[in-house]
């Protein structure tokens, strides 16, 4: 079996997970939303279409990213408050 390229053990929010979720959710829901919104404006040239996609897509991406981050932070805090030891605490107790 091949060795993993990289591993992480985040102590706070896993930013890799946040970026993956942002990418998938934006593709699944953001792109169709931009397509539907584009039907309400006149976009005669490719430049106008690209400009519209960036102007409308950027806030959708940013909103999705912030929502994924806040969700991950909420879930992390909820799991910490349930009495589960954090990974740093459990590693320290394993060494003793």
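Side notes on the structure shown:
- Residue check, residue 72 assigned to a helix (DSSP H, G or I) and under 11 Å from the mean Cα position of the chain (by Cα): yes
- Residue list for segment 38-47, filter: at pLDDT 95 or above and either assigned to a helix (DSSP H, G or I) or under 17 Å from residue 23 (Cα atoms) (or both): 46, 47
- Pairs with Cβ under 7 Å, 6+ apart, first in segment 72-85 and closer than 16 Å to residue 17 by Cβ, second modelled with pLDDT under 80: none
The values are calculated or read from the model by the stated rules, or taken from the named source; none is laboratory data. This structure is a prediction, so every number in the text was calculated from the model and none was measured. Because the Cβ atoms are built from the backbone with ideal geometry, glycine has one as well, and the counts that use them run over all protein chains shown.
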